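Presented below is the structure to which this report refers.
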């Protein structure tokens with residue numbers, strides 16, 4: 001498996017964009033958000049993640065970019081799973097929602113270009129200073 005860093009993004013997997021026989025829902029956007037503790041987060045974390053969950057779910061449905069598959073809490077992380085024909089399109093829909101928020105170090109978005117094991121790009125979600 002090849003690993004390289006490109007413009008602050010980590011690219012892993014084979015050099016192709018996934019298998020040639022991909023089906024429409026093989027690509028994925030996986031959002032990993034670090035919570036306030038190493039378990040399931042605080043009540044404040046939960047409230048904020050449910051707001052984020054609702055915004056993402058509505059945006060994916062409105063744009064018909066793919067299918068919002070759900071979320072989970074655990075291990076100090078909140079994970080969101082979204083599938084569709086284009087990880088780039090899913091990212092384009094989700095990014096404006098994510099960019100309005102601040103996240104703890106270790107939070108990221110994974111754009112996966114096929115089934116598990118295919119190429120993926122990891123985009124860190126870092127705290128941004130207010131302008």
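The values are calculated or read from the model by the stated rules, or taken from the named source; none is laboratory data. If you're wondering where the values come from, they're calculated on a predicted model, not measured in any experiment. Note that we place each Cβ from the backbone using ideal geometry, even for glycine, and neighbour counts take in every protein chain shown.
Observations on the structure shown:
- Taking the criterion of being closer than 14 Å to residue 41 by Cβ, part of a loop (DSSP other than H, G, I, E, B) and out of contact with any strand residue (DSSP E or B) (no Cβ under 7 Å at 6 or more places or on another chain), the only residue of segment 56-79 that qualifies is 75.
- A single member of 97, 82 is touching a strand residue (DSSP E or B) at 6+ places or on another chain (Cβ under 7 Å) and either outside any loop (DSSP other than H, G, I, E, B) or more than 14 Å from residue 35 (Cβ to Cβ) (or both), and it is 82.
Conditions (1) touching a helix residue (DSSP H, G or I) at 6+ places or on another chain (Cβ under 7 Å); (2) surrounded by 15 or more Cβ atoms within 10 Å (Cβ to Cβ); (3) modelled with pLDDT under 95, marked per residue:
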site	(1), (2), (3)
71	yes, yes, yes
74	no, no, yes
79	no, yes, yes
83	no, yes, no
86	no, yes, no
93	yes, yes, no
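- Among (1) in a helix (DSSP H, G or I); (2) closer than 22 Å to residue 37 by Cβ; (3) in contact with a strand residue (DSSP E or B) (Cβ under 8 Å, 6 or more places away or on another chain), the one test that residue 88 misses: (2)
- Selection within segment 8-33 - at pLDDT 85 or above and surrounded by 19 or more Cβ atoms within 10 Å (Cβ to Cβ): 26, 27, 28, 29, 30, 31, 33
- Residue 111 touching a helix residue (DSSP H, G or I) at 6+ places or on another chain (Cβ under 7 Å) and over 17 Å from residue 48 (Cβ atoms): yes
- Positions within segment 113-125 being surrounded by 14 or more Cβ atoms within 10 Å (Cβ to Cβ) and over 9 Å from the mean Cα position of the chain (by Cα), in sequence order: 113, 114, 115, 118, 119, 120, 121, 125
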